[in-house]
Amino acid sequence: MTQLTRQENVFVLDISDSPEGDHRFTHERIQAIDAALTQVESTPGDLALVITAQGKFFSNGLVPDLFVEPGYGKAFQGLLARLLVLEVPTVCAANGHCYGGGLLLALACDERCARSERGFLCLPETSIGVPFTSGLTALVSARLAPREVHRAMILSQRYDAPAAAAAGIVDDAVPGADLLAHAVRRAGELSPLRGSVLAANKRRRYADVVDALHRPEQLTVESDA
């Protein structure tokens, strides 16, 4: 479900199971990512983490059919909260389409880069009838400028990588052939920041977001019909 490898002082977490998949966040994938974070945090030294995938998708997000299952939304939001304040610097390398929960996971990372020639980034929740929880709203609002919060979260605007970079949703739009190397290089530059001070500063900066992500709110799909 995930593969964790290491390149010197950078761990690379591939969240895909096959290049043909859309890498949605099942219970198993959430648990596998969480376990990988534990492994990274338990490794001593200056470290950083890159999260990426293979194929056409980075991730197509959550699984609406699982919203009714106890603990599903709580587990996903808990993963976002953990990633947001991780003591290890994090870089998302979005190799392809990054929708819904996939973009939310990317926004929980410290920095993001996306493949310039292929793939869209989008929060389609409004268009598909999924109300944002308080925690997900807080995360998007903490990461994006107010104008883009409205466009991305309220209007479900779809961005290609250059447009996402211009909007501040990602830090860099990079050709696919260079994407992972770019992310690993940047993560290596950030790796000396790893530690308790980084984690403490993240917790203080994002205390309200973390609190909101831990609120017991149910994910739902609604229809006006």
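Looking at (1) acidic (Asp, Glu); (2) under 22 Å from residue 119 (Cβ atoms); (3) within 16 Å of the chain's Cα centre (by Cα), which is the one condition that is false for residue 17?
(3)
Quick grid of which residues meet (1) assigned to a strand (DSSP E or B); (2) hydrophobic (A, V, I, L, M, F, W, C):
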site: 65; (1), (2): no, no
site: 73; (1), (2): no, no
site: 80; (1), (2): no, yes
site: 83; (1), (2): no, yes
site: 102; (1), (2): no, no
site: 114; (1), (2): yes, yes
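Looking at 70, 124, can you tell me which residue is at pLDDT below 95 and either over 24 Å from residue 10 (Cβ atoms) or in contact with a strand residue (DSSP E or B) (Cβ under 6 Å, 6 or more places away or on another chain) (or both)?
Of 70, 124, the one residue that is at pLDDT below 95 and either over 24 Å from residue 10 (Cβ atoms) or in contact with a strand residue (DSSP E or B) (Cβ under 6 Å, 6 or more places away or on another chain) (or both) is 70.
Within the group 196, 156, 141, 127, which residue is at positive phi and either open to solvent by 20 Å² or more (accessible area, probe 1.4 Å) or not β-branched (Val, Ile, Thr) (or both)?
From the options 196, 156, 141, 127, the qualifying one is 156.
Filter the range 66-94 down to the residues that are of a type in the set (D, E, K, R) and over 18 Å from residue 39 (Cβ atoms), then identify the one that is surrounded by the fewest Cβ atoms within 10 Å (Cβ to Cβ).
69
Quick one: which of 97, 23 is touching a residue at least 12 places away in the same chain (Cβ under 8 Å), under 15 Å from the mean Cα position of the chain (by Cα) and open to solvent by 10 Å² or more (accessible area, probe 1.4 Å)?
97
Can you tell me which of 152, 173 is assigned to a strand (DSSP E or B) and within 25 Å of residue 58 (Cα to Cα)?
Among 152, 173, only 173 is assigned to a strand (DSSP E or B) and within 25 Å of residue 58 (Cα to Cα).
Within the range 181-193, track down each residue that is in contact (Cβ under 8 Å) with a residue 24 or more places away in the chain and open to solvent by less than 70 Å² (accessible area, probe 1.4 Å).
Passing the criteria: 182, 183, 184, 187, 188, 190, 191.
Just checking, how many residues over the range 24-50 are touching a strand residue (DSSP E or B) at 6+ places or on another chain (Cβ under 7 Å) and under 17 Å from residue 198 (Cβ atoms)?
Total satisfying the criteria: 5.
Among the listed residues 103, 62, 123, 144, which satisfies the condition of being closer than 17 Å to residue 23 by Cα, free of Cβ contacts under 8 Å to residues at least 40 places away in the same chain and not acidic (Asp, Glu)?
123
Can you report the number of residues in the range 33-51 which are among the small types (Gly, Ala, Ser), within 18 Å of residue 105 (Cα to Cα) and either surrounded by fewer than 18 Cβ atoms within 10 Å (Cβ to Cβ) or at pLDDT below 95 (or both)?
1
Considering every residue within the range 202-211, establish whether at least one is open to solvent by 70 Å² or more (accessible area, probe 1.4 Å), in contact with a Cys (Cβ under 7 Å, 6 or more places away or on another chain) and either free of Cβ contacts under 8 Å to residues at least 24 places away in the same chain or farther than 30 Å from residue 6 by Cβ (or both).
No, the range 202-211 has no match at all.
The values are calculated or read from the model by the stated rules, or taken from the named source; none is laboratory data. Here the structure is a predicted model, which means the values were calculated and not measured. Here the Cβ is made from the backbone with ideal geometry for all residues, glycine too, and neighbour counts use every protein chain on show. These area figures cover heavy atoms from the full protein model, side chains too; ligands, DNA and RNA do not enter into them. Shrake-Rupley method; radii C 1.70, N 1.55, O 1.52, S 1.80 Å.
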